[in-house]
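Q: Below are the structure tokens for one structure; questions will follow.
The values are calculated or read from the model by the stated rules, or taken from the named source; none is laboratory data. Given the structure is predicted, the values throughout are model-derived calculations rather than measurements. All Cβ positions, glycine included, derive from the backbone under ideal geometry; neighbour counts span all protein chains shown. For the accessible areas, the whole protein counts, side chains as well, though only heavy atoms, and no ligand, DNA or RNA atoms are used. Shrake-Rupley method; radii C 1.70, N 1.55, O 1.52, S 1.80 Å.
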Amino acid sequence: MSFFTRKMSRRTIMQALIALPALSLFRKLPAADPDAIVEINGWILKRSDLA
Amino acid sequence: MIFDSYEAFRAVNFTAKVCILGSGPTGTTIARKLGAAGIPVVVLEAGSREFSDDSQDFYRGVTVGDPYFDLDITRLRFMGGSSNHWAGWCRVLDSQDFEPKAWAPDTGWPISRADIEPYLSEVHDILELPDFRPDVPISDDIRWVQLIKSPAVRFGEKFADELDKSRNVAVVLNTYATELAGDGRRVTSAKLWSNGQDAGSFTADYFIACTGGLENSRLLLWSNQRSNGGVVPKATALGRYWMEHPTFEGGNAILADYSAFEVDATNEAFFSPTLAAMERLEIMNFGIRLIETPYPGVKRIIADLACTAPEMAEWVSYQLSQDLRCAAQLYVAWEQAPLASNQVQLSKADVDHAGVPRIELHWKKSELERRTLLEGLRLFGTTLVQKDLGRVRIADWLTNGGDYPTNEELAGHHHMGGTRMGTDVTKSVVDANSKVHGMDNLYVGGSSVFCTSGECNPTTTIVALACRLGDHLSKVIGV
Ligand SMILES: Cc1cc2nc3c(=O)[nH]c(=O)nc-3n(C[C@H](O)[C@H](O)[C@H](O)COP(=O)(O)OP(=O)(O)OC[C@H]3O[C@@H](n4cnc5c(N)ncnc54)[C@H](O)[C@@H]3O)c2cc1C
């Protein structure tokens with residue numbers, strides 16, 4: 001067990017783990033621009049072409 | 001007047017003021033201009049009225065570096081020169097082609113497009129061209145340009161009658177000017193070879209070398225060597241900065257609406273970059289030729305696309321099932337960066353039947369050109385996506401950094417540079433009037449004076465420059 005986890009209670013760790021998915025919802029992910037130009041297998045495409 | 005041999009010409013009493021070497025598009029155009037101005041001209045033509053293997057043999061040579069056409073295949077040595085088998089594709093260099101490019105050393109002409117514009121209506125008559133339509137910008141990066149496929153005027157055939165009847169122009173066939181003799185200020189004579197033997201010398205007040213984009217360098221290199229620098233006194237750049245238009249299939253395109261671009265009679269359309277795009281990407285000029293893909297080719301493209309963008313592949317299949325044109329091959333021809341190391345040299349090992357060293361052509365494509373090809377296709381592909389005009393696939397050999405394919409067009413049979421126009425005597429051979437630096441009476445005509453090549457076929461510009469030189473000399477000589 002690392003120094004960091006030894007100092008935290010079991011309850012705190014559990015709470016942190018439960019909160020994780022909720023936190024990821026608030027994380028600001030850059031939305032993939034469907035008009036962005038991508039080069040795949042030599043093709044020059046719009047990202048939305050890949051759907 | 002047309003004479004079939006130098007002996008026949010000698011029998012008449014014709015004193016020429018100007019001696020033109022070569023009767024291709026350049027020599028013929030200058031001769032007609034001078035003749036019309038009342039100036040007596042002799043055109044010495046190495047070949048006869050027809051093709052012959054014996055004459056072609058004088059054009060043999062070797063290429064060192066990248067694969068290139070045999071030097072006796074890529075040009076013709078008889079009356080009318082290579083116009084006897086040119087394809088007749090026409091376009092004039094763009095104004096941007098004359099400008100120096102900060103990212104490509106040794107670019108820029110001492111003249112601008114405006115200097116040849118006054119001659120373009122004459123050029124249209126000579127080459128039987130309709131007017132060019134203006135370029136159509138399809139994005140900030142790409143222009144849809146026009147390349148006219150003309151009736152391919154054969155200069156020997158078209159002007160034979162006129163020249164035969166002319167009182168001022170004497171065309172002397174089967175007469176090879178093997179070298180010019182000079183004293184460092186003037187050319188004093190041309191040494192001749194006719195009917196398989198030495199035929200003495202010919203003198204005139206002015207000489208114009210119009211022997212083609214490879215042969216001008218050969219003639220002047222050999223003449224200079226024989227005259228100890230008396231023909232091209234400032235010879236550092238002589239033979240150097242030789243250029244072609246390398247041409248390769250760079251990929252394919254699928255098009256949303258093939259009729260968005262009015263294709264020509266052979267279903268082709270042409271695209272080039274804007275100056276701003278060239279500047280931003282630091283690349284040379286290029287021309288993308290869009291050619292309709294035959295049915296089996298489209299099927300291959302669909303199969304390939306299905307792995308990456310299945311819905312789009314489905315759309316293409318549907319178009320194909322409706323018999324709609326939807327796919328094209330992309331051929332790219334590009335401007336070579338002028339390099340001093342690309343050059344015409346005299347062979348140390350081989351001479352022709354008249355004892356003149358044959359050509360050893362040193363020619364290699366550069367990294368900048370490879371980048372021009374790849375970035376050019378990306379630019380075109382991006383424009384098609386942004387404008388929803390279609391999609392581009394770049395060939396594997398290009399994206400994988402592979403070698404150039406060896407089974408393709410290779411280049412355009414466009415021989416440019418070697419006697420470049422310029423003001424810096426270490427990087428050019430002729431001045432803005434096509435007069436050899438330091439010489440009073442020696443001029444050079446043809447694409448060997450090109451400083452850069454642009455992306456388009458050269459002969460329309462060659463003929464415009466020939467009209468300009470003819471005009472200039474008429475004024476210099478006066479009558
Ligand atoms: C297959 C092919 C297709 C082409 N297609 C096109 C095209 O579609 N569009 C385009 O713009 N261009 C095209 N070209 C290029 C075009 O043919 C040349 O740009 C044009 O012919 C150059 O004209 P010129 O008079 O400068 O030289 P040339 O046509 O080479 O004429 C030179 C003349 O000089 C003569 N000569 C050579 N040495 C001597 C000497 N020492 N003494 C006396 N006479 C000599 C030769 O016999 C010849 O008649 C093509 C070329 C080829 C080979």
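Q: Return the only residue of B:444, B:476 being away from the ligand (no atom under 11 Å from the Cβ) and either closer than 20 Å to residue B:37 by Cα or within 14 Å of another protein chain (Cβ to nearest Cβ) (or both). Show your work before the answer.
A: Numbers: B:444 fails: away from the ligand (no atom under 11 Å from the Cβ).
Of the residues listed, the single one that is away from the ligand (no atom under 11 Å from the Cβ) and either closer than 20 Å to residue B:37 by Cα or within 14 Å of another protein chain (Cβ to nearest Cβ) (or both) is B:476.
Q: Next question, about the same structure. In region B:60-93, what count of residues is obtained for those that are in a loop (DSSP other than H, G, I, E, B), more than 8 Å from the ligand (Cβ to nearest atom) and among the hydroxyl-bearing types (Ser, Thr, Tyr)?
A: 1
Q: Quick one: in region B:193-217, of everything that is hydroxyl-bearing (Ser, Thr, Tyr) and within 13 Å of the ligand (Cβ to nearest atom), which residue is surrounded by the fewest Cβ atoms within 10 Å (Cβ to Cβ)? Give the steps one after another, and end with the answer.
A: Pass one, region B:193-217, residues hydroxyl-bearing (Ser, Thr, Tyr): B:194, B:201, B:203, B:206, B:211, B:217.
Going one step further and asking which of them are within 13 Å of the ligand (Cβ to nearest atom), we end up with B:194, B:211, B:217.
Values: B:194: 21, B:211: 31, B:217: 29.
Looking at residues that are hydroxyl-bearing (Ser, Thr, Tyr) and within 13 Å of the ligand (Cβ to nearest atom), I get B:194.
Residue-wise test of (1) in contact with a helix residue (DSSP H, G or I) (Cβ under 9 Å, 6 or more places away or on another chain); (2) open to solvent by 30 Å² or more (accessible area, probe 1.4 Å).
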site	(1), (2)
B:67	no, yes
B:73	yes, yes
B:109	yes, no
B:129	yes, no
B:139	yes, no
B:142	yes, no
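Q: Restricting to region B:381-397, and then to whatever is more than 8 Å from chain A (Cβ to nearest Cβ) and either assigned to a loop (DSSP other than H, G, I, E, B) or more than 20 Å from residue B:257 (Cα to Cα) (or both), can you tell me which residue is most open to solvent (accessible area, probe 1.4 Å)? Step through it out loud before you land on a result.
A: Filtering region B:381-397 for residues more than 8 Å from chain A (Cβ to nearest Cβ) gives B:383, B:387-390, B:397.
Subset that is either assigned to a loop (DSSP other than H, G, I, E, B) or more than 20 Å from residue B:257 (Cα to Cα) (or both): B:387-389, B:397.
On the way: B:387: 106, B:388: 84, B:389: 35, B:397: 45 Å².
If we take residues in region B:381-397 being more than 8 Å from chain A (Cβ to nearest Cβ) and either assigned to a loop (DSSP other than H, G, I, E, B) or more than 20 Å from residue B:257 (Cα to Cα) (or both), then B:387 is most open to solvent (accessible area, probe 1.4 Å).
Q: May I ask you to say which residue of B:312, B:243 is of a type outside the set (Val, Ile, Thr) and touching an Asp or Glu at 6+ places or on another chain (Cβ under 7 Å)? Please lay out each step first, then the result.
A: On the way: B:243 fails: touching an Asp or Glu at 6+ places or on another chain (Cβ under 7 Å).
Answer to the selection: B:312.
Q: Do you know which of the residues in region B:218-260 that are of a type in the set (Gly, Ala, Ser) and open to solvent by 10 Å² or more (accessible area, probe 1.4 Å) is farthest from the chain's Cα centre (by Cα)? Before the answer, list the steps.
A: Going through region B:218-260, the residues of a type in the set (Gly, Ala, Ser) turn out to be B:223, B:227, B:229-230, B:235, B:237, B:239, B:250-251, B:253, B:256, B:259-260.
Checking the rest, the ones that are also open to solvent by 10 Å² or more (accessible area, probe 1.4 Å) come to B:227, B:229, B:235, B:256, B:259-260.
Working: B:227: 29, B:229: 27, B:235: 22, B:256: 35, B:259: 31, B:260: 31 Å.
Across region B:218-260, the extreme among qualifying residues is B:256.
Q: Which count do you get for residues in region B:432-463 that are aliphatic (A, V, I, L, M) and more than 14 Å from the chain's Cα centre (by Cα)?
A: Restricting attention to region B:432-463, the residues satisfying the condition of being aliphatic (A, V, I, L, M) are B:432, B:436, B:439, B:442, B:444, B:449, B:462-463.
Next, from what is left, pick out any that are more than 14 Å from the chain's Cα centre (by Cα): B:432, B:436, B:439, B:442, B:444.
Selection size over region B:432-463: 5.
Q: While we're here: Please work out if residue B:97 is within 16 Å of the ligand (Cβ to nearest atom), of a type in the set (D, E, K, R) and in a helix (DSSP H, G or I).
A: The answer is yes for residue B:97.
Q: In this structure, does residue B:104 turn out to be away from every other protein chain (no Cβ under 14 Å), more than 30 Å from residue B:367 (Cβ to Cβ) and away from the ligand (no atom under 16 Å from the Cβ)? Quick ask: steps written out before the conclusion?
A: Details: away from every other protein chain (no Cβ under 14 Å): yes; more than 30 Å from residue B:367 (Cβ to Cβ): no; away from the ligand (no atom under 16 Å from the Cβ): yes.
It is false that residue B:104 is away from every other protein chain (no Cβ under 14 Å), more than 30 Å from residue B:367 (Cβ to Cβ) and away from the ligand (no atom under 16 Å from the Cβ).
Q: Okay, next question. Report whether or not residue B:378 is modelled with pLDDT under 95, out of contact with any His (no Cβ under 6 Å at 6 or more places or on another chain), outside any loop (DSSP other than H, G, I, E, B) and within 14 Å of chain A (Cβ to nearest Cβ).
A: Values: modelled with pLDDT under 95: no; out of contact with any His (no Cβ under 6 Å at 6 or more places or on another chain): yes; outside any loop (DSSP other than H, G, I, E, B): yes; within 14 Å of chain A (Cβ to nearest Cβ): yes.
For residue B:378, the condition - modelled with pLDDT under 95, out of contact with any His (no Cβ under 6 Å at 6 or more places or on another chain), outside any loop (DSSP other than H, G, I, E, B) and within 14 Å of chain A (Cβ to nearest Cβ) - is not met.
Q: Given (1) more than 20 Å from residue B:461 (Cα to Cα); (2) part of a loop (DSSP other than H, G, I, E, B); (3) among the polar types (S, T, N, Q), where does residue B:107 come up short, assuming only one miss?
A: Condition (1) is where residue B:107 drops out.
Q: Ok, one more. Please go through region B:110-134 and give me each residue that is part of a loop (DSSP other than H, G, I, E, B) and either without any contact (Cβ under 8 Å) to a residue 24 or more places away in the chain or on the phi > 0 side of the Ramachandran plot (or both), ordered by number.
A: Step one: list which residues in region B:110-134 are part of a loop (DSSP other than H, G, I, E, B), which gives B:110-112, B:128-134.
Correct list: B:112, B:128, B:130, B:131, B:133, B:134.
Q: Can I ask one more? Residue under question is residue B:451, and the condition is that it be open to solvent by less than 10 Å² (accessible area, probe 1.4 Å), touching a Phe, Trp or Tyr at 6+ places or on another chain (Cβ under 7 Å) and closer than 21 Å to residue B:126 by Cα; does it hold? Outline the logic, then answer.
A: Values: open to solvent by less than 10 Å² (accessible area, probe 1.4 Å): yes; touching a Phe, Trp or Tyr at 6+ places or on another chain (Cβ under 7 Å): yes; closer than 21 Å to residue B:126 by Cα: no.
No, not satisfied.
Q: Does residue B:175 satisfy the condition of being touching a His at 6+ places or on another chain (Cβ under 6 Å) and either more than 16 Å from the ligand (Cβ to nearest atom) or in the same structural domain as residue B:416 (by TED's automatic domain parsing) (or both)?
A: Details: touching a His at 6+ places or on another chain (Cβ under 6 Å): no; either more than 16 Å from the ligand (Cβ to nearest atom) or in the same structural domain as residue B:416 (by TED's automatic domain parsing) (or both): yes.
Answer is no for this residue.
Q: Next question. Scan (1) surrounded by 24 or more Cβ atoms within 10 Å (Cβ to Cβ); (2) in a helix (DSSP H, G or I) for the single condition residue B:467 breaks and write down its number.
A: Looking at each condition in turn, residue B:467 falls short on (1).
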